[in-house]
Amino acid sequence: MTVPVHLEQLRRKFGSTVALDGLDLDIAPGEMVALLGPSGCGKTTALRIIAGFESADSGELLMDGQDVTQVPANRRDIGMVFQSYSLFPNMTAAENIAYGLRVRGRATAERRERARELLDLVGLPGREGDYPHQLSGGQQQRVALARALAIRPRVLLLDEPLSALDAKVRLTLREEIRRIQLDLGITTVFVTHDQEEALSMADRVAVMKDGRLEQCAAPGELYDRPATPFVAEFVGTMNRLPGTVRDGGVVELFGRRLPIHGETPAAGAEVDVLLRPEGLAV
C-alpha cells in the first residue's frame, strides 16, 4: 500500500541552532522525493522526524491523512536504509533481512521465503548464507535495502545510502534503487547532497536551505525555472555575470540578448545575471 506523506510547518531547534524553520512538504503516494541541500540545511533532521527518530518542536506529520507526529518509530511502518549499512555482523544476509519479521513474530518459513524473494529483487540470489564481511560495500547496501523492504513498509527512507560507495558502484546502485522503487510503487524519501544523484533518481527534488524549503519541483523544472537565486546556483552549473535589463523580458550581456526566466526587473536595471552554459538567464 502506497501512502501520501504531508509535512506541515515542522520546526526543530538544537540549542540555539535552528534545524527546521517551518518546513512544508507534500509527497504523493508512490512518489520518490529527494531532499537536497548543503550540510546543515535540515534535510537529515526532516528525514529523522519522518522516521520517528527525532521529535519536532512544533508542526504536524501526516501519513495517509493520519497524524503520526507522536507515534513511536516502531509503529509507523517505515523502512530505513542508512549510509553506513548498519548490518548485524553476526547474522547472515538472510537473517539480517528477516530481522524485522522475526521481531514481529513471523514464522521461520515465512521469514526464509521473504529473504529469498528480496535477495532476488536486489540482485543477490543465492547469497542467503553470506555474512556482511563476505560482501562488498555495494552488496551490503543491497542487503540493507532488502531488510528495509522486508516488513512491507508504507514509506521507504534513504539516508545518503550511496555516499560511502565508489563512483562506479554508486551509479549502478542508484539505478537499481530507482528500478526497485518503481517496481514496488513505494513512497520514498531520500537525503543526498549530490545534485546529480537527486536529479537522476527522484520524481521531484526538494532543495533546502537553513531549515526551509526553497523549491520542490521535477528535475527539469528545477533546472530550467529555479524559484530563487540559491536554487539556481546550487542546482547545475551556473555563472554570475553583470547585465542590463531591456524591454521585452530580456537581459543584455556583452551585446547579446537572452530571455529571462523568472521575475523581470524594470528595463534599464543593472543586475547580476545567473547564466547557464547553454545560454539560459535566470
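The values are calculated or read from the model by the stated rules, or taken from the named source; none is laboratory data. Computed from a predicted model, the values in this text were never measured in an experiment. Don't worry about glycine lacking a Cβ; one is built from the backbone with ideal geometry, like all the others, and counts go over all protein chains shown. These area figures cover heavy atoms from the full protein model, side chains too; ligands, DNA and RNA do not enter into them. Shrake-Rupley method; radii C 1.70, N 1.55, O 1.52, S 1.80 Å.
Taking amide H as placed 1.01 Å from N in the peptide plane, residue 218 has its amide H under 5 Å from the amide H of 205, each at least 5 places away in sequence or on another chain. The peptide list 243-255, 203-215, put in order of mean Cβ contacts within 10 Å with the highest first, becomes 203-215, 243-255. The label point for residue 102 and the one for residue 11, both projected 7 Å from the Cα toward the Cβ, are 4.4 nm apart.
First obtain the Kirkwood hydrodynamic radius of segment 39-198 from its Cα pairs, then insert it into the Stokes-Einstein equation at 4 °C and 1.567 mPa s, and state the resulting D in µm² per second as a whole number.
On the way: Rh = 16.3 Å.
This corresponds to a translational diffusion coefficient of 79 µm²/s.
Across segment 127-139, rounded Karplus estimates of 3J(HN,Hα) from the backbone phi angles (6.51 cos²θ - 1.76 cosθ + 1.60, θ = phi - 60°) give 9, 4, x, 6, 8, x, 5, 8, 10, 6, x, x, 5 Hz, Gly and Pro being marked x.
Our summary gives the chain a relative contact order of 21 percent, counting only alpha carbon pairs under 8 angstrom and 6 or more residues apart. In plain terms, the chain from residue 64 to residue 241 could stretch by 59.1 nm, reckoned as 0.36 nm per residue minus the Cα-Cα distance. Counting protein heavy atoms only, segment 189-232 has 45 percent of its accessible area on carbon and sulfur, 1.4 angstrom probe. With a simple spin-label model that places each label point 7 Å from the Cα along the Cα-to-Cβ direction, the separation between residue 26 and residue 53 comes to 2.9 nm. Taking the C-alpha atoms only, the angle from helix 108-121 to the longest principal axis of the chain is near 40 degrees.
Within the listed set 115, 19, 107, the Gaussian network model of the chain (springs between alpha-carbon atoms below 10 Å) gives the highest mean-square fluctuation for 107. Less than 5 angstrom separates the built amide H of residue 213 from those of 24, all sequence-distant by 5 or more or on a different chain. Largest GNM mean-square fluctuation across 37, 79, 126, computed for the chain with C-alpha springs under 10 Å, falls on 126.
Once both labels are positioned 7 Å from their Cα atoms along Cα-to-Cβ, the gap between residue 266 and residue 172 label points is 6.0 nm. Can you say what percent of the DSSP beta bridges in the chain, counting only those with both residues inside, are antiparallel? Round to 5. Approximately 65 percent, going by the DSSP bridge assignments.
On full extension of the chain, what length is gained from residue 109 through residue 91, given 0.36 nm per residue of separation minus the C-alpha to C-alpha distance?
Stretched fully, the residue 109-residue 91 segment lengthens by 4.8 nm.
Scalar couplings 3J(HN,Hα) for segment 211-226, obtained by applying the Karplus form with A = 6.51, B = -1.76, C = 1.60 to θ = phi - 60°, are x, 10, 8, 7, 6, 10, 7, 4, x, x, 5, 4, 6, 7, 9, x Hz; x denotes Gly and Pro. Taking 228, 188, 17 and ordering them by how much accessible surface each has at a 1.4 Å probe, largest first, produces 17, 228, 188.
Calculated [222 nm] ellipticity per residue, helices only, for the chain: -9000 deg cm²/dmol; basis is -39500 (n - 2.57) per DSSP H run with n ≥ 4, divided by all residues, nearest 500. Of all DSSP beta bridges confined to segment 113-248, the antiparallel ones make up roughly 50%.
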